[in-house]
Structure formats: C-alpha cells, structure tokens
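What follows draws every value from the coordinates through simple rules; no lab data is involved. Source: prediction; values computed, not measured.
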Amino acid sequence: MVLQTRTAAKAEVNEYIQRVLDTVIQRNPGESEFHQAVKEFMYSMTPVLERDPKYIQYNILERIVEPERMITFRVPWVDDQGRIQVNRGYRVQFNSAIGPYKGGIRFHPSVNAGIIKFLGFEQTFKNSLSGMPIGGGKGGSDFDPKGKSEGEVMRFVQSFMTELYKYIGPDEDVPAGDIGVGPREIGYMFGQYKRICGGHEAGVFTGKGLTYGGSLVRKEATGYGCVYFVEEMLKEKGMSLEGRTVVVSGSGNVAIYAMEKAMQLGAKVVACSDSNGYVYDPQGINLETVKQLKEVERRRIKDYVQEHPHAEYHEGCSGIWTIPCDIALPCATQNEISEESASILVKNGVIAVAEGANMPSTLEAIDIFLQNDVLFGPAKAANAGGVSVSALEMSQNSMRFNWTFEEVDAKLRQIMSNIYRNSMAAAEEYGYTGNLVVGANIAGFLKVADSMIAQGVV
C-alpha cells in the first residue's frame, strides 16, 4: 500500500511538471534554447516536489519560469559611412528573490528573446549557487562587434545604454560582460551611464577596468573557476590535473583563462577554437600566442599556425571533440557538444567534462556522460566563477576598497569548492548520489524558492 501511494504521488508530481513544461512551450513558441534550459531544470525537481508539496501549493514552478520583466528596445546607430543601422536590444530581469538582478550582456548575431531568457533563467540558479545575494538577469543585442571600427562600437554601445540605463542600478540590476562584450564595451557602457545619470556609481556594472572600480581576477574568474570545479571533481576520486590532456573549445575570455589555470595545475592543453574552426597542437597550446591573437590583435585562431607551423588548423568547430583527451572544457557557446560528440569523447576515454560556457551540452549529450560515469560539471555550477567575482567586485565598490589578486583568487577557489560540495550534498540527500546536474539544480532552486515563499505573492 505504501509503495502504491508513493508511486501515485510521483506520477502526480510528474504530471504537474509536464503541465508546467507544456505551458512554457505554449507561451514561448520557437524559443528552443529556453525550452531546453527549463526541461533540464524541471527533470531534477521530482524528488523535491515529492518530499515537500508546498512548492506545488505555492505554484513556485509556474512563477520561477516566468521572468519578472522582459525589456525589448530599438537600438539605432550610425556607421562609419553615415548610414543609420538598427539593432534590437534586450534585458530580462528574471528573478530578484535573493538580490538585485545580476547577469551579463551579450552582443552576437544569434541573440534573440529566447536565448536571453534561457541565459537569465540559468543565471538565477547559478547566482543562487554562488552563495552571493544576487538575483538572475541577462541582456544583449543582435549587434556583432566583429569587423566594426572603434567608433562604430562606441556609437552602438552609447545608443544601447541610452535606453538600458532606465532599468539598471547598483541595487536594482547590475550588468556585466558576456560573448562580444569585454572591457572595451563595458567601458563605453559605463561612460554613457555616467554621462546620462551623473556621478561615479561604480557598482552599476562589473567587469570594469581596474582604473575605475574593477576587481582583480574578474577577467580570469570564469575560466579559473571552471578548472577549480574540475579540480574538486577529480579530488573526490583521488585524481588531479597533473599530466592530464585537456581540450578547450573557444578562445575568448573563459577559454583563455581555463587553459591558463589548467596549465598552472600541470595539465597539457592541446586544442582550442573560435567560431570558424579549431587548432590542434600536440606539443601543447602556446597560451601567449593565443592571448596575442585574441586579446591584443583580435585575429582568428587559424593564424596560430603561422607562429606554430607544426600545429594543425581545421575548419568547423565540432571536430575539436574528436581529439582524444582526459578532460573536455566546452567554453564557447550553447549546444556545442551533441550526442554524437559526447559519444566520441566517451569512446576516446574522457574522464571529466566541465561546462565553462552556458548550456554547451545538449540534453542527449549530458545523458551520454552520466550513463558512462563521466564526471560532469553542469554550467550553472562549473561556470559560476565569473558571477561570483562580479559579486565580489560589487562588494569592493560598496566598501570603496580593493582586495589583492591573491585574496580574490582564494575567495573564488573557496566559492567553487562550496558550490561543488553543496551540489553533491543535495544530490545525495535527494537520492541521486554523484549526479551534479540534479544536485546543482536542487541546491540552486531551494534558496530561490524558499525566498519567494517568504516574500509572498510578488
């Protein structure tokens, strides 16, 4: 009788979850990335709702998948030929239950409402896992900074900020960078915000330059944090990064500093990529060359072989996952590891995968990793280093104070260790020992959900 009751309760919970999923898909047609993020999260909620029906009673799932606010706006700007161009800007303020909205701004042609919502949804739980008092938000535009002059980028950013400034503030919504938005773009945004609002309100952005309120370790934080998370996963199994072969997708900020930290901990990184293709260097990637190409000269990764002719360049990105490695760090973009790529990685003996990008593995790929006992660090946990140091930057701005590189790095390492341990503890408590996907989802959810209940219907 008890078993039948539990089975019936589980079926009832699963029906409820499916109803919420159906509503999300119906209300947000065509937004496949958002649907995917919600599905991955919802599949972890069954044991939580079975144990504590109050989350159903308070309709937390229906509320948590709906953004508190979605802002869409026109961004007109003038190019170097004097022509007026028009892009679309977005800011989603997803959930403020545990603090002001916090999340990056992305400039990329692929940006649309669905991608911004998926990123804001993920950010809510990532920020919760960080242990910092920050809610979830995200923003961006379909503007592509590649190939644009400095003047064009500045004029676009100023136009973008002329609308966005109305909705942000140090205690309301604090943007940062993301794909296509680095120190240059943040500087222009901050300058335009000051121009409109007056005063030097440093806490309204993170990822700022060190000369005007930025934090040490911020540019390294997401990449370093991802590798610190891998270190924790390996340590649990009595292993380390020493002597391991690593493949890292991407060659932007996250990838560069994931490679740097992996190398510092004794690993050999043999491949990295950009949106056109990837380089394979069996002798080990020369990080200084990559930094020069990407951070200084803004060139393509294919030019790496001009400096290192023994290396190989291959067009297309997915082939990077055919390179045998012990550790795979997808640090480029969403859905870059397919089911097929995951199967190849497993066949080639990968032991650990940690997501440095947002949702870089498809649901099918994640299943492949989990079914084959690959240590898997999901993005909302392994990718949380960047926003964690952003929150530390906010703290320093509030105090008008700066910590040293070593102090911030130590805090980051401790935060990533805490995220790992809290996720593992939640997975074990709810019957999914070792499953960090379920554990991270549950640990992130509980803090937000309990705060929402405590604050009433808002």
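A few notes on this one:
- Among the listed pairs Lys138/Lys194; Lys10/Lys39; Lys10/Lys447; Lys102/Lys380; Lys39/Lys126, those beyond 19 Å (Cα-Cα): Lys138/Lys194; Lys10/Lys447
- The share of alpha-carbon pairs in region 274-383 lying farther apart than 25 Å comes to 24%.
- Share, in percent, of DSSP beta bridges within the chain that are antiparallel, nearest 5: 55
- Against the compact-protein benchmark of 2.2 N^0.38 Å, the Cα-based radius of gyration of the chain scales to 0.95.
- Pairwise alpha-carbon distances in region 152-262 exceed 20 Å for 50% of all pairs.
- Scaled to the globular estimate 2.2 N^0.38 Å, the Cα spread of region 108-208, given as radius of gyration, is 1.08.
- Mean projected area (nm²) of the alpha-carbon convex hull when region 209-338 is viewed from all directions: 8.6
- Counting only DSSP H runs of at least 4 residues, each contributing -39500 (n - 2.57), and dividing by the residue count of the chain, the helix-based mean residue ellipticity at 222 nm comes to -15000 deg cm²/dmol.
- Compactness relative to 2.2 N^0.38 Å, alpha carbon Rg of region 315-458: 1.20
- At 0.692 mPa s and 37 °C, Stokes diffusion of region 38-116 via Kirkwood alpha-carbon radius, µm² per second: 208
- Applied to region 73-81, the Karplus parametrisation 6.51 cos²θ - 1.76 cosθ + 1.60 on θ = phi - 60° returns per-residue 3J(HN,Hα) values of 8, 7, 10, x, 7, 10, 7, 5, 8 Hz, with x for Gly and Pro.
- Kirkwood hydrodynamic radius (C-alpha pairs) into Stokes-Einstein, region 2-65, 37 °C and 0.692 mPa s, D in µm²/s: 266
- Candidate cross-link partners of Lys302 among the aspartates and glutamates, defined by an alpha-carbon separation under 16 Å and a same-chain spacing of 8 or more, comprise Asp274, Asp281, Glu288, Glu312, Glu315.
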